[in-house]
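Contents: one structure, followed by commentary.
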Amino acid sequence: MNVRQLSRFSALSLFLMLFSIAVYAAEFRSFPYQSDVIVCPMSTADVAIPDFSAADCAEQKLFEVDPQHSAMWLLLEFELTETQLPSHSPLGLFVFGKAASRVWLNNTYLGNNGQPDTDKTEIPGKMDYVFHVPDKTLFAGKNRLIMQLSGHHSLISLGAPMHLLAFFPYAETGQYIQSFATPGIALIGAFAVGVIYFLVLSVSRNREMGRNEEIDGIRYHFPLFAAMCLLAMLQLSAELSRSIINYSYPWQDIRLISITACSYLFGVLLLVYNSLKVASNQAPFWIIAGSLLTLAVVLFIPGFDTKTTSGILVPILINLLQILWYLYKQQNSKLKAWFVGHLMIAVIIFISSAAFHEFVHFLIVALVLSGIFVQQAREYQAQQAELMTERSRSAKLEYRLAQQAQLQTPTRLELSSIGKTEFIDSSDITYTKAAGDYVEIHLKDASEKLYSGTLKQLEELLPDTFLRVHRSYLVNLECVTGLFNQKSEQKSQAFLGLGAEIQVPVSRRLLPSVRDSLKTNNQQSLH
């Protein structure tokens, strides 16, 4: 297929896609929030439909309808032309909101979702429900939709408790909410892997780290990342639960509280990480002040979508202020890069605020976690390199001190045999070899002595100039002349040369440390 054919095919595909969307859109009617309705109070639990002309009835907009902690009747009149009549069958009336409900369409009873009532004897309905609309129930001209609503089991009051009122082709309610469910589930899996990964790192790094690294705080970063991944996973799970579990409407309040709490805690942990990284000794002040400020914003700002957004946005803004303050006090290229990263995330949140509480939120969370992990990995690698340098310097110093001690006051070994005791200097030893209950001590003059004890006991007595190179051999590094390999058909074996004819095997497990020790010894000899 050439470029022209490909472009024609793409244009045709786009046209067919848009055409199918247009045809599908003609198959349903969604009532906008600005639709006019008439609302009357419900005084009894009976189902006698009022005439909606009483003095206590009032005109409202659909978005103003609030059945929370009350009971009401609702009338929505709408006009349809012949071309607007849905041809799709079966058809459903989708009601998404915090209410139990009964529904009539053009004097046809469609059914009930829960049992509306004037008090808490009400049976709560599903948060998202679809009523089957029989054929020919809708017609050209004026149509009347009447609903009986109550929401006495609401735990908290939402500003917009009724989310959707629409005619769609009949299907499960989950098909019309949270279109990001499939990639969301994949992202939950990614966060779960992150939890396990950072927990494993926490355990393994804590075993490896010394006291200096504990002071640097790296020990606490990986558990912090694990907790952040866990919160993101829990929040996304709560977010997706609406499309997976058809719960009754009181659970919507618990779900929203859980989502907001996870967002707030994630923001606080982000603030903790940034404060430990940037503010050092003043970190507790930033953490406490920032957490309280974020909590105040989340509690008092209206709307749960806004609360969820604020839970992460306010800590990021505090982090920006914190980084600016320390940039003012000290110019630091790392802080500049950290500031740019936070600023980009804040800008993305502002731009996508309308849909932030949906999939965009969790993409930003994943981006934040990835960014701080990459940054932490770089810092950890740099600190590991610095630590290895320090350890190398320390090893060289210890070896130099051991050399000087060996020259000035050599360690003397006491060898006892039947009726005889003799002493030898450690500087006269070339290597030692385990031999059952004894250890053979080979001296520089080619003579041999026996030590009554184990190789491990002898290793503890000898100075640091002696190195274990095999489970059966200790070698005086001062006597080593070379390291070489002998290859055969079956395996390769490393040996240390200790003169013209002496060869001592080196175990494969100890070979790397032997190489490092020989390198240190050679560098010391050059000095």
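The values are calculated or read from the model by the stated rules, or taken from the named source; none is laboratory data. Model, not experiment: these values are computed from the prediction. Note that each Cβ is placed from the backbone with ideal geometry, even for glycine, and that neighbours are counted across all protein chains shown.
General remarks:
- When MET233, MET228 are checked against the criterion of being under 30 Å from VAL95 (Cα atoms), crowded, with 21+ Cβ neighbours inside 10 Å and in contact with a helix residue (DSSP H, G or I) (Cβ under 7 Å, 6 or more places away or on another chain), a single residue qualifies: MET233.
- Residues of segment 353-362 satisfying the condition of being at pLDDT 65 or above and surrounded by fewer than 17 Cβ atoms within 10 Å (Cβ to Cβ): SER353
- Per-region count, segment 436-461, residues in contact (Cβ under 8 Å) with a residue 12 or more places away in the chain and surrounded by fewer than 18 Cβ atoms within 10 Å (Cβ to Cβ): 11
- Hits in segment 150-163 (condition: touching a helix residue (DSSP H, G or I) at 6+ places or on another chain (Cβ under 8 Å) and either closer than 19 Å to GLN34 by Cα or of a type in the set (A, V, I, L, M) (or both)): LEU155, ILE156, LEU158, ALA160, MET162
- Taken as a whole, the structure places ILE323 among residues that are touching a Leu at 6+ places or on another chain (Cβ under 7 Å) and assigned to a helix (DSSP H, G or I).
- For segment 290-304, taking the residues that are in contact (Cβ under 8 Å) with a residue 24 or more places away in the chain and out of contact with any Leu (no Cβ under 9 Å at 6 or more places or on another chain), the one that is surrounded by the fewest Cβ atoms within 10 Å (Cβ to Cβ) is identified as PRO302.
- All positions within segment 462-501 that are part of a loop (DSSP other than H, G, I, E, B), under 50 Å from the mean Cα position of the chain (by Cα) and in contact (Cβ under 8 Å) with a residue 40 or more places away in the chain: PRO463, ASP464, THR465
- For segment 242-280, taking the residues that are of a type in the set (S, T, N, Q), closer than 23 Å to ALA186 by Cβ and crowded, with 19+ Cβ neighbours inside 10 Å, the one that is modelled with the lowest pLDDT is identified as SER243.
- For segment 113-166, the candidate set comprises residues that are over 21 Å from HIS69 (Cβ atoms) and touching a Gly at 6+ places or on another chain (Cβ under 7 Å); within that set, the residue that is surrounded by the fewest Cβ atoms within 10 Å (Cβ to Cβ) is HIS132.
- Segment 219-243, residues that are of a type outside the set (D, E, K, R), farther than 20 Å from LEU363 by Cα and over 14 Å from the mean Cα position of the chain (by Cα): TYR220
- Scanning segment 78-110 for residues that are crowded, with 17+ Cβ neighbours inside 10 Å, over 40 Å from the mean Cα position of the chain (by Cα) and under 25 Å from GLY151 (Cα atoms) yields a count of 5.
- In segment 446-460, the count of residues that are at pLDDT below 80 and among the acidic types (Asp, Glu) is zero.
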